[in-house]
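Below is one structure, written out as structure tokens, with a few remarks after it.
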Amino acid sequence: MPTKFNYPLLENAFSNDDIDKAMQVLKSRYITMSKKTKEFEKYFAKKLNSKHALMVNSGSSAVLLAFALLTNIKRKRRLKKNDEVLVPAVCWSTTFWPIVQCGLKPKFIDVDLKTYSPSYEIIKKNISKKTKGVVLVNVLGNCSEMDKIKKLLDKKGIMLIEDNCESLGSKYKNKYLGTYGEVGVFSFYYSHQITSGEGGAIICKSNDDYKILCALRAHGWDRDYNQKNRSKFNFVNQGFNLRPLDLTAVIALNQFKRLNLFKKTRAFNRKAIIKTIKKSNTWNNQFNFFEPIKGLDPSWFGFPLLINDKLVNKKKSFLQYLKKNKIDSRPIISGNFTKQECIKNHKFKTTNNFKEADRIEKLGFFIGLPTKKIKQNTINELCRHLLNISNL
Ligand SMILES: Cc1ncc(COP(=O)(O)O)c(C=O)c1O
């Protein structure tokens, strides 16, 4: 019997081995943060060529920790209350809210249509005397010119925070994304480059930052970096409880070891979809594809598309058509985040011009990109439906 066509956003990402490893931890009855988390953190930091990594319970928690660190009283160089932080209009909710939660002043800026992220020029144009931080989101495996941007920000004494929740494994000019910033954060939520169900990580460059992060992650105590004090209840900083479980750390580690395989397979699938679309006799430039910036070795997450301007009126019926034909889709991040209801109640500073973020919201959507090779007849069916936009 032919299998029914179905193209979900999220595939079943756990291997039998992931589950066996998790079961071993569960059966040991020690599931809370301990040796497996440490093992993951050491491996993760080493592979990314970063000094330290800490695992947390989500990418959102990692962003919160990043801003809590950079504003922390124990940090010599820090952001102060009301310092301005530039944030792209195409961002995730928890890229944005930790800025406010940590007492800083966000200023939304527009993005570039090619990378969905602010270009060097956009950042330069928006920097003022008040700007003390910039958070960049590396969207769906792509990025801006990180080296040029970092240089500019360093020259001006501005901190770079890299929200790399969507781009684990991408390298720009031979350097992993997430390692350009003062801190870099990652998400292992379901359907990302790797997944532990829920989970995330933060990487930093100094022992002092590492100690602050350890304390902030767990109640403000020092026991996670000061083994002598394990049994003491020494509270040295403010605290949250953002710890992961060893149960999730062991899955994250097992998945992370397969990241290169996932990366290759996704690149293969992406290429095959684009090739099939462009070879079709119904191809009439219905879409613009998301191309890697020069110098990028991408680790894709999802398959974003921008609908051709001429077809934009069909977007709503097209997405309904895809749903009816078992193709899941979703917006690119959250579109132009400044238009979301949660922002309307506040008076945040903006450039008031989000031409490109608006276009991404208006024209954009994304579909899944599986970590297993897609069969050509599935690709054919997928592409046939995508190209059918012209006939709706
Ligand atoms: C850019 C970005 N930042 C932060 C997050 C939050 O990560 P998590 O879902 O692990 O909390 C996401 C989630 O998809 C994201 O896309």
Among the residues of the stretch 154-177, is any away from the ligand (no atom under 11 Å from the Cβ) and part of a helix (DSSP H, G or I)? yes
Do you know which of the residues in the stretch 12-26 that are within 30 Å of Phe365 (Cα to Cα) and surrounded by fewer than 15 Cβ atoms within 10 Å (Cβ to Cβ) is modelled with the lowest pLDDT? Asn12
Asp246 - would you say it is of a type in the set (Asp, Glu), under 23 Å from Leu369 (Cα atoms) and modelled with pLDDT of 95 or more? no
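Quick one: count up the residues across the stretch 352-389 that are in a loop (DSSP other than H, G, I, E, B) and crowded, with 17+ Cβ neighbours inside 10 Å. Please lay out each step first, then the result.
Within the stretch 352-389, the first condition is being in a loop (DSSP other than H, G, I, E, B), and the residues that meet it are 352-354, 368-375.
Then drop every residue that is not crowded, with 17+ Cβ neighbours inside 10 Å, which leaves 354, 368-371, 374.
Residues flagged as in a loop (DSSP other than H, G, I, E, B) and crowded, with 17+ Cβ neighbours inside 10 Å within the stretch 352-389 amount to 6.
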Phe365 vs (1) under 20 Å from Ser390 (Cβ atoms); (2) at pLDDT below 90: all pass except (2)
Go through the stretch 208-231 and count every residue that is surrounded by fewer than 16 Cβ atoms within 10 Å (Cβ to Cβ) and among the basic types (Lys, Arg). 2
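The values are calculated or read from the model by the stated rules, or taken from the named source; none is laboratory data. All figures in this text were calculated on a predicted structure; none of them were measured in a lab. Reconstructed Cβ throughout: ideal geometry from the backbone, glycine too, with neighbour counts over all protein chains shown.
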